[in-house]
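Report on one structure; see the data block that follows.
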Amino acid sequence: LDLYQFDVVNTTNLQFDLSSSQFDTYLLLVEILPANLGSLLLENDDRSESSTDSRIQQSLPPGTYWIGVSSFFEDETGDYSLDITVVLP
């Protein structure tokens, strides 16, 4: 599991796209709560039936978050691409 911490200053609609040609991706979005506790907000294995890539799109209020990158099967590893996009209304 690779974790990336980020802060949201203003409520923002974000899209996270995780892709890899080497493993079946798994994406997690965790909110950091007081006392550094984490709360799982969303997770995604496959963004569609024909894809092993993952996608999460969510409007996030101000706060600190982690995006977690992993594989669906624990013995799979490899290179991946994580793209984060601001989705405009």
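Here, each number is a calculation from the coordinates, and none is a lab measurement. Keep in mind that this is a model prediction, so the values were computed, not measured. Cβ sites come from the backbone with ideal geometry, for glycine too, and all protein chains shown count toward neighbours.
Observations on the structure shown:
- Residues whose amide H lies under 5 Å from that of L41, counting only those 5 or more places away or on a different chain, are L29, V30, E31; hydrogens are built 1.01 Å from N in the peptide plane.
- Estimated FRET transfer efficiency when R0 is 35 angstrom, pair T11-D75 (beta carbons, to 0.05): 0.35
- Backbone amide hydrogens, once placed in the peptide plane, bring L60 within less than 5 Å of T12, N13, L14, excluding anything fewer than 5 places away on its chain.
- Point-to-point label distance, L37-S21, nm (Cα→Cβ direction, 7 Å offset): 4.4
- Whole-Hz couplings from phi, Karplus 6.51/-1.76/1.60, listed for the stretch 35-49; x for Gly and Pro: 6, 6, 8, x, 10, 5, 8, 8, 8, 8, 9, 10, 6, 7, 5
- Local electrostatic count at L3 - Lys and Arg +1, Asp and Glu -1, tallied over other residues with Cβ under 15 Å: -4
- The stretch 1-85: GluC sites (Glu not before Pro) falling in loop per DSSP and having at most 15 other Cβ within 10 Å: E49, E74, E76
- Note on the chain: with a GNM built from Cα contacts shorter than 10 Å, the maximum mean-square fluctuation among L27, L18, L37 falls on L37.
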